[in-house]
């Protein structure tokens, strides 16, 4: 899939001869009344809804599944609109002899009023993640203490781009 490149985060902590672990993920920006649907942990960090694309799944199917699992929100399929891609490249944190390459594809979409049943991962449950609606400013300020976590830094930068008008609906 080819989308506009929004950002590249390159840790430059790997060598080009390393084997590559490549991941594709989808992430949803769902805006309602000026607030964005986010997962928030009991510690307070905000995370954009979304996750990995399973084998055999389309990006839209993965987006719909991930948003439902993480929040209970049900995406209106006809409202899915491409925003762009974020590429993260670094040494893999689970296998330091591998290079990690994650292609995250971001979409604007709307959710139905009715809710489904979330099915979070054990780690999401352990961290106390839950659905919240927050303003971009609340998210950016709330994530300041968590920017050492790469995924929180990535998500915060995307929300900042939205807040600054660099991502248009």
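Read-outs throughout are calculated quantities, based only on the coordinates presented, and are distinct from any laboratory measurement. Note that the structure is predicted; figures quoted are calculated from it, not measured. Please note: Cβ atoms are built from the backbone with ideal geometry, for glycine as well, and neighbour counts cover all protein chains shown.
List of remarks:
- log10 of Debye I(q)/I(0), alpha-carbon scatterers only, for the chain at 0.12 Å⁻¹: -0.53
- Descending Cα extents along the principal axes, segment 84-169, whole Å: 46, 34, 25
- Helix 150-163 vs. the chain, principal-axis angle (Cα, 0 to 90°, nearest 10): 50 degrees
- Taking max minus min of the alpha-carbon positions on each principal axis, segment 39-95 gives extents of 37, 30, 21 Å, largest first.
- Computed over the chain, the per-residue total of -39500 (n - 2.57) for DSSP H runs of n ≥ 4 gives a 222 nm mean residue ellipticity of -6500 deg cm²/dmol, rounded to 500.
- By the count of neighbouring beta-carbon atoms within 10 Å, fewest first, 141, 45 end up ordered 141, 45.
- Over segment 1-68, the hull volume per residue, using the convex hull of the C-alpha atoms, is 171 Å³.
- Counting every other Cβ atom within 10 Å of each residue's Cβ, 49, 87, 167, 73 order from fewest to most as 87, 167, 73, 49.
- GNM top mover of 47, 35, 12 - the chain, alpha-carbon springs below 10 Å: 12
- Segment 77-125 versus segment 12-71: alpha-carbon centroid distance in Å: 1 Å
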